[in-house]
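Please read the structure below before turning to the comments.
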Amino acid sequence: MLEIKDNIFWVGIKDWELRRFHGHELSTHRGSSYNSYLIKDKKTVLVDTVWDPYQEEFAEMLEKEVGLGHIDMIVINHMEPDHGGSLGHILSKIPETPIYCTKNGMETIRGHFHRDWNFNIVKTGDCVNIGSYDLVFVEMQMIHWPDSLLTYVKGANVVLSNDAFGQHYSAQSLFNDEVDACELYQEAEKYYANILTPFSALVKKKIEQIKGLSLPIEMIAPSHGVIWRDNPMQIVDRYYEWSQDYHEGNAVIVYDTMYEATKSMAQAIGRGLEKKNVKYKLFNCGKTDDSDLITELFKAKGIILGSCTVNNTMLHSVGGLVERMKGLRFKNKVAAGFGSYGWSGEAPALISRKLEEAGLTIVMDPIKVKYRPTAEDLGRCEEFGSGFAEKMR
Ligand code: FEO
């Protein structure tokens, strides 16, 4: 238990070993943390819990630090199991404790635990006095679940933002001014790219709404990673940028290859981009961490995706990636497909169609090369890259 601000304590769990999250979907190279907070005012308030594999450790800590019987109310900002998962275990010991959550939160809690408890539904602007502080609630619907909620501790001027502004980052310190800023931003951006991109329009509107309230904000304490104590609005400003069809102007070439023909096409396309002074990065998606790759695609203006043809389609690493891009609903990006083939050669056109379905703007007809590229073929690939560069302007 660590006091983060006057009578507000971090009571979370640091998960140093976590390497995949959301099942196996997301990589977490630097672990994560499940940040729960305890406010000791006239009322003692628990805000969020931790992932249920840690529920016993969590309950024991609370028992030791405050005594579970002294908790007067529980706020559940979000019932995804990494935050609400220990609620059932805690309530098995203190079943009458009032739970404050959104209406969707109540339904989600019921859906997870199949139990009815002492629910108190809150909406945006609702306020609960807990002594010297007031808790003010702001609904964060679809940022990133229907139940999501933000709790503002008025008086302490602390935002308990749950997933928003978080990072899968387990560090020795809990504060942004005491960790490596480069690591912190890598993780914050990866979190946004992989989890929040589909909801960017809502993120933008919500930030405008919150800024419009002119609340004094001295600290933003998310439910993963470190707390923004030094210049907390820096991460809000970054989110505002990321929420507006963000890109950094560069291209990313992604491919998978069987006998390096598609790889040599990718390299030639890169040379074509370079001739036109477009910066690019090159990845074999069969060998690259998929969540890191999504972060690179999030930052790109142009995406060129290639695969050789196998069994009349693209390699599965490329198919999986483009399906993931479809779910993330990237905006304001241009794209094209390419690939080598031996006889039927469907992959480049299929990739192009899938990229279009994913919401990207196709700016070049797909290019394909039969068997191993000749010098002439590679020249065509270079021209393709240069042509793509022109379309990026
Ligand atoms: Fe960190 Fe949406 O759970």
- Tell me which residues come under 5 Å, amide H to amide H, from residue 300 once H is placed; ignore anything under 5 positions away on its chain. 248
- Message: Output the 0 to 90 degree angle, nearest 10, between the alpha-carbon long axis of helix 233-242 and the longest principal axis computed from the alpha carbons of the chain.
- Response: 40
- Query: When N counts the residues of the range 251-391, how does its alpha-carbon radius of gyration compare numerically with 2.2 N^0.38 Å, as a ratio?
  - Reply: 0.92
- Query: Per-residue ellipticity at 222 nm for the chain, helices alone: DSSP H runs ≥ 4 residues times -39500 (n - 2.57), over residue total, nearest 500 deg cm²/dmol?
  - Reply: -10500 deg cm²/dmol
- Task: Calculate the dipole size of the chain relative to its Cα centre from +1 charges on Lys and Arg beta carbons and -1 charges on Asp and Glu beta carbons; express the result in debye to the nearest 20.
- Result: 1400
- Query: How would you rank 122-130, 255-263, highest first, on the average number of other Cβ atoms within 10 Å across their residues?
  - Reply: 255-263, 122-130
- Query: In whole Å, what is the distance between the alpha-carbon centres of the range 76-109 and the range 168-202?
  - Reply: 25
- Message: Students often check this: by mean Cβ neighbours within 10 Å, which of 161-171, 285-295 ranks highest, and how do the rest follow?
- Response: 161-171, 285-295
- Of the residues 291, 313, 348, the Cα lying farthest along the dipole of the range 251-391 towards its positive end, which is defined by charges on the beta carbon of Lys, Arg, Asp and Glu, belongs to 291
- Quick shape summary for the chain, equivalent ellipsoid via Cα gyration tensor, semi-axes whole Å in descending order, reads 47, 20, 17
- Item | Among 329-337, 195-203, 367-375, 109-117, the order from most to least packed when residues are scored by Cβ within 10 Å on average | 329-337, 195-203, 367-375, 109-117
- From the cross-link list 276/368; 5/299; 281/354; 154/204; 275/368, the entries with a Cα-Cα span beyond 25 Å are 5/299
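Given a cut-off of under 8 Å on Cα pairs at least six residues apart, what relative contact order in percent is computed for the chain?
11
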- Message: Using a Cα-Cα cut-off of under 14 Å, which aspartates and glutamates could be cross-linked to residue 103, ignoring same-chain neighbours fewer than 8 residues away?
- Response: 116, 126, 139, 147
- Message: If you count only protein heavy atoms with a 1.4 Å probe, what accessible area per residue comes out for the range 251-391, rounded to a whole Å²?
- Response: 44
- Applying the Karplus parametrisation 6.51 cos²θ - 1.76 cosθ + 1.60 with θ = phi - 60° to the phi angles of the range 183-191, what ³J(HN,Hα) value in whole Hz is obtained for each residue in order, glycine and proline being reported as x? 4, 4, 6, 4, 6, 5, 6, 4, 4
- Task: Could you list which residues have their amide H under 5 Å from that of residue 143, counting only those 5 or more apart in sequence or on another chain, with H placed in the peptide plane?
- Result: 148
- Once amide H atoms are placed 1.01 Å from N in the peptide plane, what residues at a sequence separation of 5 or more from residue 306, or on another chain, have their amide H within under 5 Å of its amide H? 254, 255, 256, 338
- For residue 370, the lysines lying under 16 Å Cα to Cα, once residues fewer than eight places off in the same chain are dropped, come out as 263
- Item | Fraction of accessible area attributable to carbon and sulfur, the chain (%, probe 1.4 Å) | 48
- Query: From the backbone phi of the range 252-257, what are the Karplus-calculated ³J(HN,Hα) couplings (6.51 cos²θ - 1.76 cosθ + 1.60, θ = phi - 60°) in whole Hz, Gly and Pro given as x?
  - Reply: 10, 9, 10, 8, 10, 8
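The values are calculated or read from the model by the stated rules, or taken from the named source; none is laboratory data. Everything numeric in this text was worked out from a predicted model, so none of it was measured. Glycine also receives a Cβ, built like all others from the backbone with ideal geometry; neighbour counts cover every protein chain displayed. Keep in mind that these areas ignore ligands, DNA and RNA; they rest on the heavy atoms of the full protein, side chains included. Shrake-Rupley method; radii C 1.70, N 1.55, O 1.52, S 1.80 Å.
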